[in-house]
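The values are calculated or read from the model by the stated rules, or taken from the named source; none is laboratory data. Predicted model, so just to flag it, every value in this text is computed and none were measured. Counting neighbours? That spans all protein chains shown, and the Cβs are built from the backbone with ideal geometry, glycine included. Calculation scope for accessible area: heavy atoms of the full protein, side chains included, ligands and nucleic acids excluded. Shrake-Rupley method; radii C 1.70, N 1.55, O 1.52, S 1.80 Å.
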Amino acid sequence: MIPNVMDASSWHILNEMIETERLYVEELQSIMEGYAAELENTELSHLVPTALENKKEVLFGNLSEIYEFHNRTFLKELQNCVDNPELVGTCFLKRKEDLQIYAKYCQNKPRSEALWRQCGDSAFFQECQKKLDHKLSLDAYLLKPVQRITKYQLMLREMLKCSENTEGTAELEEALATVLDIIKSVNDSMHQIAITGFEGNLNDLGKLLMQGSFNVWTDHKKVHSKVKDLARFKPMQRHLFLYSKMLLFCKRREEPSEGHEKSPSYSFKHSLKMSAVGITENVKGDMKKFEVWYNGREEVYIIQAPSMEVKNSWVSEIRKVLTGQLEACREASQLHQRISDVVYHTSLNKSNSRNVNKGVLKQSDSSCSEPGNRRRSPSPPHKPRRGWGHRHRSPMDSEDFDTLPSSTDELSNSSDAEEEVNDKNEDHGRFLVPLMHEATTVQDVPLEPGDLEQCPGEAENGQWLAQNVTTEKRGMVPPTILSADGGSFYSNTDIFSDICTAALTDTEDTENDTLGKKATGTKLAY
């Protein structure tokens, strides 16, 4: 049985966490009230430096959001753990998403520091500091959120050491992993905002998964041999950014900044789409190297990590991305196959229905004695100008759909199947419903936007008989819902992402061959 009692050391760490949280909230409050709010004070407006005008959000970032979260929520939840210390881990896990506000704050920090360097010595800030009786200037307090998120992981580590094999240990471990992930995300985002020269939108590249500096050798098939030899022996220093959709190669540069520590920037050099990337996990001669190749090894990049730990983490993350893409391709291919099967079966069912309807109409013609009376082929719903209101077919009801075949076996010997599929003048097709239609009578079928409907022909009173391809519900619908102006032919193209194009090529070729065989009446096994 797992004990549920923490030792004295754990209680001491918990009390320290709660007490420092209370002081942290007080410090945030003093910043918001003693500095941010004072920017709106008309009595001090003459002291506000010009460089700070309309720059409040730049200097303070989302500090007010952080203050509100800790003051109204997190401090109270930590205080509630006094009687139930095993819930500390759960407290962090519960607020995992809320703690992401620190990433936003840290991303803005370089802009805030640059603005502070311009106006930090102004009389306005000196007056505010004097009123608050702060020993440290504002820039020291603006570092508090960065220090706090780091402090959490230190205290959670200490609690884990003292709480091994007690109730709540698993939650503490997960909470520590969560905080470490937030710190990593914050650190990665700080590097990301220093990327220069990339013409696209970094937000379009997906989630930033990893970043780090490596030695990189290149091998290009199309490059001159002398250049290839040079590239093979002389490594380049590159800072890599791994996104879910792209891998960026950048060159790190140190930018001097007016007596302060040099801040790095990353000059964009090259990129690889992850949809065309392959990986070789081990390179002969150096266990810290791995290969990333592009377009079937047309371009090969040998990457040397600073340690085996870094290499393994990068290889693992790249493998996850590629595996995820493969699974997405498989799912898209399966969806493509299912859609093609539905469209094919529906097309054959429609053709067989028209064959049956032709027989009924021929019998009607032979028994009709009125001169000048001749049958016209029914106009499709998407071409209402070809006879809407000028002629009527014999009344139909839901029993007409009983003639639709349920498998290819029923049509395997039909000599009219290919002719009817290719007859564009009589192809009634399937339509995606763009508007909602509510049933007003028991014979009506309700329609929802996006429904796929099959309409074999016109019924009575200008209505059309329709069947939902998915739900198989049947009933009457107004022709305007299915007209060319209101509906559109169903198409199964343009639904796959670029990463699946190559994977689906063979599937589509196979399907085209199969459909050709089916159209000529060949019976195929499924």
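See the values below:
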{"read-out": "Accessible surface of Thr471 - all protein chains present, 1.4 Å probe, nearest 10 Å²", "value": "80 Å²"}
{"read-out": "For segment 29-81 and segment 189-212, distance of Cα centres in Å", "value": "29 Å"}
{"read-out": "Within-15-Å neighbourhood charge of Asp188 [Cβ basis; K, R +1; D, E -1]", "value": "+3"}
{"read-out": "Electrostatic dipole magnitude of segment 105-197 [Cβ: Lys, Arg +1; Asp, Glu -1; Cα centre; debye, to 20]", "value": "520 debye"}
{"read-out": "Residue-normalised accessible area of segment 44-200, expressed per residue, 1.4 Å probe, Å²", "value": "51 Å²"}
{"read-out": "Selection from Ile182, Leu160, Cys91 lying farthest towards where the dipole of segment 45-193 points positive, charges on Cβ", "value": "Ile182"}
{"read-out": "Neighbourhood net charge (9 Å Cβ-Cβ; Lys/Arg +1, Asp/Glu -1) for Phe69", "value": "-1"}
{"read-out": "Listed peptides 133-140, 206-213 by packing density, highest first (mean Cβ within 10 Å)", "value": "206-213, 133-140"}
{"read-out": "Listed peptides 179-187, 335-343 by packing density, highest first (mean Cβ within 10 Å)", "value": "179-187, 335-343"}
{"read-out": "Under 5 Å, built H, 5+ apart or other chain: amide partners of Ser244", "value": "Lys207, Leu209"}
{"read-out": "Among the listed pairs Lys96/Lys161; Lys273/Lys320; Lys245/Lys320, those beyond 18 Å (Cα-Cα)", "value": "Lys96/Lys161"}
{"read-out": "Magnitude of the charge dipole, segment 286-332, Cβ model with Lys/Arg +1 and Asp/Glu -1, debye to 20", "value": "120 debye"}
